[in-house]
Structures are given as structure tokens and as C-alpha cells.
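Participant: The structure under discussion is supplied below as C-alpha cells; questions concerning it will follow.
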Amino acid sequence: MSLLKWKAEYSVGIASMDDEHREIIDLINDVYEKLGSTPDAKAIASCLEEILNAISLHFALEERIMWDTGYDEYESHKEDHEELLDEIRDLMDDFATDPNEGSRLLEARLSGWFGKHFASFDARLHGKLGPL
């Protein structure tokens with residue numbers, strides 16, 4: 001069962017960014033599935049590292065595009081990126097410290113922060129940039 005599904009409103013209208021959004025959704029769904037049955041702490045930790053790396057690269061691309069286009073909400077969008085990365089690192093630390101509690105926190109937060117960022121910051125970005 002998937003935690004997140006791609007929605008048209010997630011699109012920012014830039015193919016490379018939208019492709020990365022889909023990839024991140026797939027990674028989140030992968031770790032969510034691994035949490036389901038008998039969680040393998042090593043596999044989940046590896047998935048979380050992959051999510052952190054993919055999101056870090058994705059945010060760098062978004063920030064470059066925003067900077068290059070003179071996007072007026074660049075600073076607040078970048079700040080939200082940094083907060084999301086900090087939250088992922090915290091979830092990774094929680095999981096490493098206590099896999100049972102970490103698993104519970106992962107299930108509770110994985111979709112929330114990503115969906116919130118898509119629905120707010122990325123939706124505004126799409127509204128300002130439109131298809132490039």
C-alpha cells in the first residue's frame with residue numbers, strides 16, 4: 001500500500017522538478033512499505049539515507065531555478081527546505097536511537113511534511129513560474 005500518490009497539483013510545470021518529485025514519492029512509499037511487515041532496521045536506515053540524498057539534490061535544483069529566475073519567495077522557500085532536511089535528519093536520528101519509536105514517528109510524519117511542502121511552497125512556485 002502506498003502512503004503518497006502523485007497528484008496533478010503537485011506539478012510545478014518543470015519536467016526535471018516534477019520527475020524528482022515523483023522519485024521522492026516512490027522513495028517515501030518504499031520506506032513506508034518496509035515499515036509495514038517486519039521492519040528491517042538496516043534497510044529502513046538505507047532508505048532514509050537515500051531519501052535525504054534525493055531530497056537534498058532536488059532542493060538544490062529547485063533553489064537554482066528559483067535563484068536564476070529571480071523568484072520573489074526564494075528565501076522563505078529555501079528556509080522551508082532547510083527545515084524539512086532538518087526534520088528528516090531528526091527522523092533518521094530517532095530511528096537509529098530507537099527503531100520502534102523511530103518507525104512510529106516515520107509513519108506519522110513521512111507524508112505530512114512532503115504533502116505540506118507540495119501544497120504550499122511548490123504550488124506557489126508553480127503559480128509564479130508556470131511551465132518553463
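The values are calculated or read from the model by the stated rules, or taken from the named source; none is laboratory data. Please read these numbers as outputs of a predicted model, since none were measured by experiment. We place every Cβ from the backbone using ideal geometry, glycine too, and count neighbours over all the protein chains shown.
Participant: Can you name the condition, by its number, that residue 56 falls short on among (1) surrounded by fewer than 16 Cβ atoms within 10 Å (Cβ to Cβ); (2) within 19 Å of residue 5 (Cα to Cα); (3) at pLDDT 85 or above?
Facilitator: Going through the list (1) surrounded by fewer than 16 Cβ atoms within 10 Å (Cβ to Cβ); (2) within 19 Å of residue 5 (Cα to Cα); (3) at pLDDT 85 or above, residue 56 breaks only (2).
Participant: Looking only at the stretch 12-49, which residues are basic (Lys, Arg), over 19 Å from residue 117 (Cα atoms) and in contact (Cβ under 8 Å) with a residue 12 or more places away in the chain?
Facilitator: The one that is basic (Lys, Arg), over 19 Å from residue 117 (Cα atoms) and in contact (Cβ under 8 Å) with a residue 12 or more places away in the chain: 34.
Participant: Residues of the stretch 58-76 being in a helix (DSSP H, G or I) and under 19 Å from residue 19 (Cβ atoms), which ones?
Facilitator: Quick first cut of the stretch 58-76, residues in a helix (DSSP H, G or I) only: 58-68, 74-76.
Correct list: 58, 59, 60, 61, 62, 63, 64, 65, 66, 68.
Participant: Right, next: Can you find a residue that is of a type in the set (Phe, Trp, Tyr) and part of a loop (DSSP other than H, G, I, E, B) anywhere in the stretch 85-107? Talk me through it step by step, then tell me what you get.
Facilitator: To start, the set of residues in the stretch 85-107 that are of a type in the set (Phe, Trp, Tyr) comprises 95.
Applying the additional criterion that residues be part of a loop (DSSP other than H, G, I, E, B) yields none.
No, that holds for no residue.
Participant: Filter the stretch 1-17 for residues that are surrounded by 18 or more Cβ atoms within 10 Å (Cβ to Cβ) and assigned to a helix (DSSP H, G or I) and give the result.
Facilitator: Residues satisfying the conditions are 10, 17.
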